[in-house]
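To start, the structure itself, in structure tokens.
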Amino acid sequence: MLKHTVVSKPALITVYLIAFLQGLTLVSFPASSAVLKQMHGFTDAQYGAIFLPQVALAVLGAVAGGTLARRLGLQPLLWLTAVGNGLSQLALAASVWVIPALAFPTILAGTALLGFSFGLGGAPLNSYPPRFFPRHAPAAVVALHTLLGLGLMGGPLLVEGFGGVNLWVGFPLLLLALSVLLALIAATVRLPPDASGDNLDRRATEKPPLKSSGFWIFAAIAVLYAFAEGAFSNWAVLYLREAKALPAGVAALALSVFWAAMVTGRLLVAVLVVRVAPQVIWLMLPVLMAAAFLLLPGANTPALGLGLFALAGLACSAFFPLTITLASARFPNQVAWVSSILIAALMVGVGLGSFVIGPLREWLTLEQIYRLSTLYPILVIGLAGWLTVSQRR
């Protein structure tokens, strides 16, 4: 059990602002896609390739973060996360000034730095909220992921604003300045000691995660969830435009609706989880995912398309934050390590899911792929149900 800790407001604000910054930087490259392709002449293949280093380094950063949390502590990882985010934005802005031959490698370096800092941040960002609010740990973690989601929503708006005045480079420079400020504060602010619980008595009877079947089931759930979220978010625009022949504006709006519903769902769950057991909500969300997959092939009108992607966003909203919360509760002496490895599992799922659907389109329509994707939440329901029952026993 975590002992009660007096919450330092500067520390709390810093942690949650770094989560918001993480969301802004994560969307910075995709939100700048049109600018990058126009400014540097990237092909579709080159643009798609810039995200490969991000996925690979996110996995590496998450695995490294779990180990470094034990050796260095969580506070160094927190300010290193902000530093990594800042360096990624420096690379994004620098692509404007380097010679054309170096633009693509510079962008690759930027996405690699972004991926590594995202993976590294998994340990501190998911470990501090339960320390701040030990009696409401699930709500605290979901609230942090809500701010990350708000960053994902706000980034494209900032890009549009800076682009509207022909000053796109101001966007990454603004995020660079915010990163530097937060890194300095994170390095000096007084954060709770032993936030992850990793320094508690090592003689605790808790089974090491790597030797626990429960941990590997949590990891499998994270991968399956990433497949489901990727099927919704990565193919929303193409699905509505190509398969359903809906207007381009409707297709683009559907993706925005998906992210907005995800943020709204996290806000709702952050409030609801105070009164309802997190396991109940956790088990209900994949049911909604399955319903969305089954209904999406019938999205033949703009209203249905927007409504069903809103349902998908609501279904995905708090599932991963609750997965981290429940896994951390199962291994209270290994919170930082467990959350880091689950972030790595999520990124593995994102990477695999992004490429699997492409080849499948040679044999299956997107409607058929969405129907088959119902298997992801069904498997999640089975695995999550088994974990819940075994925990009660």
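When you look at L360, is it farther than 23 Å from G73 by Cβ and buried (at least 24 other Cβ atoms within 10 Å of the Cβ), yes or no? When the stated conditions are applied, L360 does not pass them. Within the stretch 141-187, the only residue that satisfies the criterion of being within 20 Å of the chain's Cα centre (by Cα) and free of Cβ contacts under 8 Å to residues at least 60 places away in the same chain is L157. Restricting attention to the stretch 278-287, the residues that are closer than 12 Å to L314 by Cα, in contact (Cβ under 8 Å) with a residue 60 or more places away in the chain and either buried (at least 18 other Cβ atoms within 10 Å of the Cβ) or touching a Phe, Trp or Tyr at 6+ places or on another chain (Cβ under 9 Å) (or both) add up to 1.
Okay, residues lined up against (1) surrounded by 21 or more Cβ atoms within 10 Å (Cβ to Cβ); (2) under 26 Å from P30 (Cβ atoms):
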residue: F232; (1), (2): yes, yes
residue: A252; (1), (2): no, yes
residue: A261; (1), (2): yes, yes
residue: R266; (1), (2): yes, yes
residue: V276; (1), (2): no, no
residue: P302; (1), (2): no, yes
residue: G307; (1), (2): no, yes
residue: L314; (1), (2): yes, yes
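Just so you know, in the stretch 17-39 the residues that are within 27 Å of G121 (Cα to Cα) and of a type in the set (S, T, N, Q) include one that is surrounded by the fewest Cβ atoms within 10 Å (Cβ to Cβ), and it is S33. Taken as a whole, the structure leaves A329 outside the set of residues that are touching a Leu at 6+ places or on another chain (Cβ under 6 Å) and assigned by TED's automatic domain parsing to the domain that holds M262.
The values are calculated or read from the model by the stated rules, or taken from the named source; none is laboratory data. From a predicted model like this one, the values you see are computed outputs, not experimental measurements. All Cβ positions, glycine included, derive from the backbone under ideal geometry; neighbour counts span all protein chains shown.
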